[in-house]
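For reference, the structure is listed below as structure tokens.
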Amino acid sequence: MGDRGRIVIPQAIREAAGLNPGDKLIVRRDEHGIILKTRDELEAEMWADFQKYPHSLADELIAERHAEALRDMED
């Protein structure tokens, strides 16, 4: 790492990852170390995480509010 905090990614790794000059990378740290991802990779990972939920959280909230409104009308 350079004195300004810059890191050089070896050419073979850049080519294998499809990285080009000017590409923006997201840097994260987890229990295994430092992780570099492109925005597209991170977005795909996040969408995959959302797919784990079998239903829409927005639909669940709407249903809860609807049921609450019906109870309020009964009172």
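The values are calculated or read from the model by the stated rules, or taken from the named source; none is laboratory data. A quick note: this is a predicted structure, and the numbers were derived from the prediction, not measured. Using ideal geometry, Cβ is built from the backbone for each residue, glycine included, and neighbour counts are taken over all protein chains shown.
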Completion exercise
Flagged in segment 29-75 as part of a strand (DSSP E or B), of a type outside the set (S, T, Y) and within 11 Å of the chain's Cα centre (by Cα), in numbering order, are K37
Practice task
Output the residues belonging to segment 40-75 that are modelled with pLDDT of 90 or more and basic (K, R).
Solution key: R65, R71
Exercise for the section: Kindly provide the set of residues from segment 31-75 that are polar (S, T, N, Q) and over 30 Å from R14 (Cα atoms), ordered by number. Expected result: S56
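Can you tell me how many residues in segment 15-28 are in contact with a strand residue (DSSP E or B) (Cβ under 9 Å, 6 or more places away or on another chain), on the phi < 0 side of the Ramachandran plot and part of a loop (DSSP other than H, G, I, E, B)?
3
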